[in-house]
Amino acid sequence: MGKITVEECIVDGMVIEGLKVITPQVCGDNRGYFMETYQYNDFKEAGIDVVFVQDNQSASKKGVLRGLHFQKNYPQDKLVRVIKGEVFDAVVDLRKGSKTYGKWYGVRLSEENKKQFFVPKNFAHGFLVLSDYAEFCYKCSDFYHPDDEGGLLWNDPDIGVKWPIPEGMELTFSDKDTKWGGIQNYTMEHNI
């Protein structure tokens, strides 16, 4: 595991099992830098034994908030990172029986810090763009199924994500992201 550093994610004194922040080793000189963003053996040694089948990339402007999204019947492990700009990335644990069910965790991802966020299956996921522009990349362990998409309201008070929204920032959402229900609705629908 010499090429990556792996941090556990802790909320309320409890480790959120499987959720990890990964910092790759960056080798740089006067020409620029090189880093491995994913190497199966290093990740497996860190407890992330996942086969990724799809890579996605999105571009967004400042104030865009995407999420909180999940796949209902075809959940995906995700490895996310930012290659341009900066975002605040947030997840909510939706794993039935988890000690941290309903808890959220957030991390800043940027082209400068080069951190990656490993998000296991059955987490809702979203991000807020903090820079003028951001490009966001993510690997997924299952294919996207458009009819399988679910979500939670980004500002559900029962979750309480503390989005770092600077004063005066105007938020931009997709229509669907303003219509999701809260975690109490999700809990009732899934008998949790």
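Side notes on the structure shown:
- Yes/no for Ala124 being touching a helix residue (DSSP H, G or I) at 6+ places or on another chain (Cβ under 9 Å), within 19 Å of Tyr186 (Cα to Cα), surrounded by 18 or more Cβ atoms within 10 Å (Cβ to Cβ) and modelled with pLDDT of 95 or more: yes
- Looking only at the range 38-74, residues that are open to solvent by 30 Å² or more (accessible area, probe 1.4 Å) and either in contact (Cβ under 8 Å) with a residue 12 or more places away in the chain or among the basic types (Lys, Arg) (or both) come to 20 in all.
- Considering the range 1-14, the residues that are open to solvent by less than 70 Å² (accessible area, probe 1.4 Å) and in contact (Cβ under 8 Å) with a residue 60 or more places away in the chain include one that is farthest from Ala90 (Cα to Cα), namely Met14.
- Enumerated strands (runs of 3 or more DSSP E) restricted to the range 114-192, each holding at least 2 residues that are under 19 Å from Gln57 (Cβ atoms) and among the small types (Gly, Ala, Ser): none
- Subset of the range 20-37 that is in contact with a Phe, Trp or Tyr (Cβ under 8 Å, 6 or more places away or on another chain) and open to solvent by 30 Å² or more (accessible area, probe 1.4 Å) - its residue that is nearest to Ser141 (Cα to Cα): Val26
- From the options Pro164, Pro157, residue that is out of contact with any Pro (no Cβ under 9 Å at 6 or more places or on another chain) and more than 27 Å from Asp132 (Cβ to Cβ): Pro157
- The residues in the range 75-97 that are in contact with an Asp or Glu (Cβ under 7 Å, 6 or more places away or on another chain), surrounded by fewer than 19 Cβ atoms within 10 Å (Cβ to Cβ) and either of a type in the set (Gly, Ala, Ser) or without any contact (Cβ under 8 Å) to a residue 12 or more places away in the chain (or both) can be counted, and the count is 0.
The values are calculated or read from the model by the stated rules, or taken from the named source; none is laboratory data. These figures come from a predicted structure and were not determined experimentally. All Cβ positions, glycine included, derive from the backbone under ideal geometry; neighbour counts span all protein chains shown. Please note that ligands, DNA and RNA were not included when accessible areas were found on the heavy atoms of the full protein model with its side chains. Shrake-Rupley method; radii C 1.70, N 1.55, O 1.52, S 1.80 Å.
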